[in-house]
1. Using the structure shown, decide if residue 213 is under 21 Å from residue 337 (Cα atoms) and acidic (Asp, Glu).
2. Could you pull out the residue among 344, 301, 354 that is open to solvent by less than 70 Å² (accessible area, probe 1.4 Å) and in contact with a Phe, Trp or Tyr (Cβ under 6 Å, 6 or more places away or on another chain)?
3. Within the bounds of region 203-216, is there any residue that is under 20 Å from residue 188 (Cβ atoms), in the same structural domain as residue 314 (by TED's automatic domain parsing) and touching a Phe, Trp or Tyr at 6+ places or on another chain (Cβ under 7 Å)?
4. Checking the condition assigned to a loop (DSSP other than H, G, I, E, B), out of contact with any Cys (no Cβ under 6 Å at 6 or more places or on another chain) and surrounded by 15 or more Cβ atoms within 10 Å (Cβ to Cβ), which residue from 121, 160, 180 passes?
5. Residue 328 passes all but one of (1) within 16 Å of the ligand (Cβ to nearest atom); (2) part of a strand (DSSP E or B); (3) of a type outside the set (Phe, Trp, Tyr); which number fails?
6. Anything in region 228-251 that is aliphatic (A, V, I, L, M) and open to solvent by 10 Å² or more (accessible area, probe 1.4 Å)? List them, or say none.
7. Right, residue 20: more than 14 Å from the ligand (Cβ to nearest atom), assigned by TED's automatic domain parsing to the domain that holds residue 348 and either in contact with a helix residue (DSSP H, G or I) (Cβ under 6 Å, 6 or more places away or on another chain) or on the phi > 0 side of the Ramachandran plot (or both) or not?
8. If you go through region 106-118 one residue at a time, how many are open to solvent by 60 Å² or more (accessible area, probe 1.4 Å) and within 15 Å of the ligand (Cβ to nearest atom)?
Amino acid sequence: MDHDAIILGGGAAGLFCAAVAGQRGRRVLVLEKADAVGKKILISGGGRCNFTNLGAAPENYLSANRHFAKSALARYTPRDFLDLVERHGIAWHEKTLGQLFCDGSAKQIVAMLLAECEAGGVDIRTGQEIVSVARVDAGFVVEANGETHRAAALVIATGGPSIPKMGASGFAYDLARQFGLKVVEPRPALVPLTLGGEDVLFRELSGVSAPVEATAGKAKFREAALLTHKGLSGPAILQASSYWRHGEVLRIDFLPDLPPDWLSERKAKTPQASMAQILREHLPERLAVTLAERLGLSGPLQGISERALVQAEERLRGWQFHPNGTEGFAKAEVTAGGISTAELSSQTMEAKKLPGLFAIGEAVDVTGWLGGYNFQWAWASGQACGEAL
Ligand code: FDA
């Protein structure tokens, strides 16, 4: 064997895992398809990398097995990663909701991972076209760029197919299936939703944003929503999109900060005001006008019955959108689904039926919310695996 472990994919999870295993004395080879490692890290967080979230907990992740991520997340916490960032002298700040970003650039995170790999003597090769991967008696054989590499362990860290123009693909799933591991159907997540039919009117409000509470299934997110020329985006919608399924309704509360019976109280206080006027006090002008029009309530509030006001408030607090789809993997920040957690040990990320084979990061059916949770999963699953190699 030339190496103890071959890691396929030099992204967040692969590099972190390689550094951990290398620093434990393992001989590690990383094979990366792109001409450089960590490309998604570089574009993340608007170039500043939202590298973790202080509140990261199992509840912030989607998976067919919601308990799977618990062990790895508990053993490698946001504070552990922050300590590493600080040891490398990288200045950081908390933007909002526990989201930590570099003050400078995401390049610092990639440089930190490379320095950690170097400290572990990791051999990193870019521009690698993996032609075949096979199981042999004592491990795995990988053919890439005309060379044959052998190792006792193989780690799948090639991520998911979101943003294919960066070279992302379903390679991890093909490999998993080759070795008989089940894959939970991958779907775009943290992705804008598209509107058609009756909702198409809202596309005319492209560029308008408002603080809302978006609900998909049982999940609720209170952040900004943005209307786009295709439909809905913004943090509240991206978060809800991970839980939304085709054919389902997405509900938006346009008045999340206002007390119940707000409309009736406004009628008592300002009977001459129109619906559009009072909505304008809390929502952007164009959105207020469109909502008032769609409610079909024109004229002063005093002319609107109490019953109609109650119904209007109900609609404004749970406006039903019927998205006709998502903007797909091309625009999805992550992929939900992936290599089934039922196939893996939650302690080590090793395949239960194939000792020596591991899968980490986004390739696995564990998907975080928006806000640094996905990187925290990459670090935590990479650590769990790196310690087991
Ligand atoms: P990742 O995609 O990082 O790495 C996989 C690697 O494998 C890549 O380098 C790829 O080139 C390589 N590869 C693929 N196929 C291969 C093959 N056949 N052979 C060899 N190598 C192959 N998350 C977060 O927590 N905070 C944030 O701020 C952001 N921001 C963000 C912005 C944008 C625009 C996107 C698209 C995504 C984010 N994310 C994020 C999500 C985050 O980037 C993602 O969850 C992690 O990068 C996943 O880490 P992995 O290492 O699993 O995959």
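The values are calculated or read from the model by the stated rules, or taken from the named source; none is laboratory data. All of these numbers come straight from a predicted model, not from anything done at the bench. Counting neighbours? That spans all protein chains shown, and the Cβs are built from the backbone with ideal geometry, glycine included. With ligands, DNA and RNA removed, areas are computed over all heavy atoms of the protein, side chains included. Shrake-Rupley method; radii C 1.70, N 1.55, O 1.52, S 1.80 Å.
1. no
2. 354
3. There is at least one residue in region 203-216 that is under 20 Å from residue 188 (Cβ atoms), in the same structural domain as residue 314 (by TED's automatic domain parsing) and touching a Phe, Trp or Tyr at 6+ places or on another chain (Cβ under 7 Å).
4. Just one listed residue meets the conditions, 160.
5. The single condition residue 328 does not satisfy is (2).
6. Within region 228-251, 238, 249 qualify.
7. no
8. Going through region 106-118 one residue at a time, the tally reaches 3.
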